[in-house]
Each structure stands twice: as C-alpha cells, then as structure tokens.
Amino acid sequence: MFEVQLDGVPVISKKNRLRFGKGRTYKDKVVADFEAELSKAATEVIVQLPDWKPITVPVKMVVVVQQPDKRRRDLQNFLDTICDSLNNLVYDDDVQIVSIDATKTFGKSWSLYISVEPAEN
C-alpha cells in the first residue's frame, strides 16, 4: 500500500489539458509545478519503502482534498492532475485505476491525502 499526505500545497483544479503554442505542446505552469511537487512527495515516501516497484495490477485509490475556502472547484479536475502525477511512481499508468473514493472537504489550509493499493478482484 502507498500513502502520502501533502500539506500546505494548493491542489490544482485547472483542467489538466495540454496547451498548444509556438509549435509545441505544454501544460500550464501551475499544473506542471503541482505535478512536480506531488511527484517529489511521492518519491520521498517510495524511497522509504523496501524494494518498491510501481504497482502493475489494477488499483483502487482514496483521495481526500481539503481546501481552505468554499470557492467552487471541480473535484474531477483535482483527480486528473493527481492521477497523472503518480504515473510511473506508484503505478505504471493511471489506466490501472479501477476505483476512486474521492472527497473534497473544507478546512483552514490546503491538504491532500492519497492512498493507493491493489484492487481486490
């Protein structure tokens, strides 16, 4: 099982789409920065797990996003960015996710909890 808690880093709710310009494709800087921050936190957890290799079987995921205000943000957009950030670290590809239990809550600051484990067949 993989678990990570990321506190104080705003979770990006922008649509996680590639942009096109000047003959190339790119992600918005805020999306790329968030993905890098989450990937870094996941890597810090992974290096502490003995013999960790990305999960290769179907997985189930639990995600809890706490935001500091009641502005309207789309939970689906949170999930797109989070799932992409964990590719090749926690699992081979986010296509392996067969179940997501996602919750958006309100609190005093940004917080993100993620757990990933093999799905039971």
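The values are calculated or read from the model by the stated rules, or taken from the named source; none is laboratory data. Keep in mind it's a predicted model, so treat the numbers as computed, not measured. All Cβ positions, even for glycine, are placed from backbone atoms using ideal geometry, and neighbour counts span all protein chains on display. What goes into the accessible areas is simple: the full protein's heavy atoms, side chains included, and nothing from ligands, DNA or RNA. Shrake-Rupley method; radii C 1.70, N 1.55, O 1.52, S 1.80 Å.
Data overview
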{"quantity": "Residue list for region 56-97, filter: touching a residue at least 40 places away in the same chain (Cβ under 8 Å) and acidic (Asp, Glu)", "calculated": "ASP74, ASP80, ASP84"}
{"quantity": "One residue from ASN77, ASN88 being out of contact with any helix residue (DSSP H, G or I) (no Cβ under 7 Å at 6 or more places or on another chain), open to solvent by less than 40 Å² (accessible area, probe 1.4 Å) and not β-branched (Val, Ile, Thr)", "calculated": "ASN77"}
{"quantity": "Some residue of region 13-29 being under 22 Å from LYS108 (Cα atoms), modelled with pLDDT under 95 and open to solvent by less than 60 Å² (accessible area, probe 1.4 Å)", "calculated": "yes"}
{"quantity": "Wholly within region 32-121, strands (runs of 3 or more DSSP E) carrying at least 1 residues that are in contact with an Asp or Glu (Cβ under 7 Å, 6 or more places away or on another chain), of a type in the set (Asp, Glu) and under 12 Å from VAL4 (Cα atoms)", "calculated": "none"}
